[in-house]
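Asker: What follows is a single structure, and I will ask about it in a moment.
The values are calculated or read from the model by the stated rules, or taken from the named source; none is laboratory data. All figures in this text were calculated on a predicted structure; none of them were measured in a lab. Cβ coordinates were reconstructed from backbone atoms using ideal geometry, including for glycine residues, and neighbour counts include every protein chain displayed. These accessible areas exclude ligands, DNA and RNA; they are computed on the full protein's heavy atoms, side chains included. Shrake-Rupley method; radii C 1.70, N 1.55, O 1.52, S 1.80 Å.
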Amino acid sequence: MPPSEPAFDYRTGGDDDVTIRQIRTDGPQAGTIGPRPDHVVFVLEDGGATLTADDGSTWEVRAGRPMMLSAPVAYAFETDARGMTLLHIAPAVLGDTEEPSEFVQPDADDPGVEPLLALLREVTDRILDPALQPDERAALNRRVATVVTSTFTRSRSDVQHRLRHAIRFVHDHAGEPIEVADIAAAADLSERGLQDLFRRRLAVTPMRYLREVRLDRVHLELASRRTGVVTVRDVARRWQFAHLGRFAATYRRRFGESPHETLGRSGRVEG
């Protein structure tokens, strides 16, 4: 008589942004999880698992340790756990607007996972509740996204890729009236994610970086030894400096001279 298949049951609830699935089984499970449209955080209630990513990275997962299955990555798994919770999160909720991010797994003894575990204990039944009001669910989803992004960091290659996109966008569009939201969209990040990335990697805000690029462009244009009539006002406004008094003070702090002095040294005529 062939062995019977392990019993399998689950509860699920949520919306298109955040979904909880609670799985129950009475036997070992093994299989593959291909690239998906959403990120999945899973926590074993008991037992353990072996998780292998498509780049060969392998983790031995114990009960109570949250792991992130990044949407663009394929995984193989083996587990003897009888219960687990899966938190499915749409990439856009975590700030991805084009290509989904890849995330780094926390260390096995990282205490930084505790807020996520506490949140799951608190909100799982509410997410599963079909009667939860839309505004309450939206607020709950935002809480989940905040805690998840503070628990799992994006991989270094992913971060560098997004930073390069942001920097390139700033340099290509410095003469246009762009805002933080525009730079974030170009980098496929949320505005908060972009702010954090610039502070960590460049020690400035995105708008401060944009201002420095614009100042450099003004300085280059004023110092250029080309012929023709030019005005400081026109050059400043071309690079999005509308308040000339503040612009002149910022310019002097950066370059040690006034815009008019730079123009005078170039030998060009001011109209």
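Asker: Filter the stretch 215-252 down to the residues that are among the charged types (D, E, K, R) and under 20 Å from R265 (Cα atoms), then identify the one that is most open to solvent (accessible area, probe 1.4 Å).
Answerer: Pass one, the stretch 215-252, residues among the charged types (D, E, K, R): 216-217, 221, 225-226, 233-234, 237-238, 246, 252.
Remaining after also requiring under 20 Å from R265 (Cα atoms): 216-217, 221, 225-226, 233-234, 252.
Numbers: D216: 67, R217: 68, E221: 30, R225: 182, R226: 129, R233: 116, D234: 82, R252: 117 Å².
That would be R225.
Asker: Name the single residue that is farthest from E114 (Cα to Cα) among those in the stretch 41-79 being surrounded by fewer than 15 Cβ atoms within 10 Å (Cβ to Cβ), touching a strand residue (DSSP E or B) at 6+ places or on another chain (Cβ under 9 Å) and charged (D, E, K, R).
Answerer: D54
Residues are listed down the side, and each one gets a yes or a no for (1) modelled with pLDDT of 90 or more; (2) crowded, with 17+ Cβ neighbours inside 10 Å; (3) not hydrophobic (A, V, I, L, M, F, W, C):
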{"residue": "L197", "(1), (2), (3)": "no, yes, no"}
{"residue": "R200", "(1), (2), (3)": "no, no, yes"}
{"residue": "P206", "(1), (2), (3)": "yes, yes, yes"}
{"residue": "E212", "(1), (2), (3)": "yes, no, yes"}
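Results for (1) in contact (Cβ under 8 Å) with a residue 60 or more places away in the chain; (2) within 30 Å of V93 (Cβ to Cβ); (3) of a type in the set (G, A, S), shown as yes or no for each residue.
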position	(1), (2), (3)
D182	no, yes, no
L189	yes, yes, no
L202	no, yes, no
R211	no, no, no
D234	no, no, no
R237	no, no, no
R246	no, no, no
T250	no, no, no
F255	no, no, no
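Asker: While we're here: Based on this model, can you work out whether G95 counts as touching a residue at least 24 places away in the same chain (Cβ under 8 Å), under 26 Å from G31 (Cα atoms) and open to solvent by less than 10 Å² (accessible area, probe 1.4 Å)?
Answerer: No; evaluated as a whole, the condition is false for this residue.
Asker: What number of residues in the stretch 99-120 are assigned to a loop (DSSP other than H, G, I, E, B) and either surrounded by fewer than 12 Cβ atoms within 10 Å (Cβ to Cβ) or touching a Ser or Thr at 6+ places or on another chain (Cβ under 6 Å) (or both)?
Answerer: So the count comes out to 5.
Asker: Quick check on the stretch 156-193: of everything there that is open to solvent by less than 20 Å² (accessible area, probe 1.4 Å) and assigned to a loop (DSSP other than H, G, I, E, B), which residue is farthest from P206 (Cα to Cα)?
Answerer: The qualifying residue farthest from P206 (Cα to Cα) is D188.
Asker: Moving to a separate point now. Considering only the stretch 121-154, how many residues are closer than 25 Å to V73 by Cβ, open to solvent by 20 Å² or more (accessible area, probe 1.4 Å) and not charged (D, E, K, R)?
Answerer: 5
Asker: Just to be sure I understand the filter: pairs with C-beta atoms under 9 Å, separated by 6 or more residues or on different chains, first member in the stretch 135-148 and over 19 Å from M68 (Cβ atoms), second member open to solvent by less than 80 Å² (accessible area, probe 1.4 Å) and part of a helix (DSSP H, G or I). Which pairs pass?
Answerer: Close Cβ pairs satisfying both conditions: R137/I127; L140/V123; L140/I127.
Asker: Related question: Take the conditions at pLDDT 90 or above, closer than 25 Å to F198 by Cα and not in a helix (DSSP H, G or I) and apply them to F247. Does it pass? Give the steps one after another, and end with the answer.
Answerer: Details: at pLDDT 90 or above: yes; closer than 25 Å to F198 by Cα: yes; not in a helix (DSSP H, G or I): no.
The answer is no for F247.
Asker: Tell me the residue from L132, L116, L128 that is within 23 Å of the chain's Cα centre (by Cα) and of a type outside the set (G, A, S), please.
Answerer: L116
Asker: Just give me the residues in the stretch 17-37 being modelled with pLDDT under 95 and touching a strand residue (DSSP E or B) at 6+ places or on another chain (Cβ under 6 Å), in sequence order.
Answerer: Of everything in the stretch 17-37, those that are modelled with pLDDT under 95 and touching a strand residue (DSSP E or B) at 6+ places or on another chain (Cβ under 6 Å) turn out to be R21, Q22, I23, R24, T25, Q29, A30, T32, I33.
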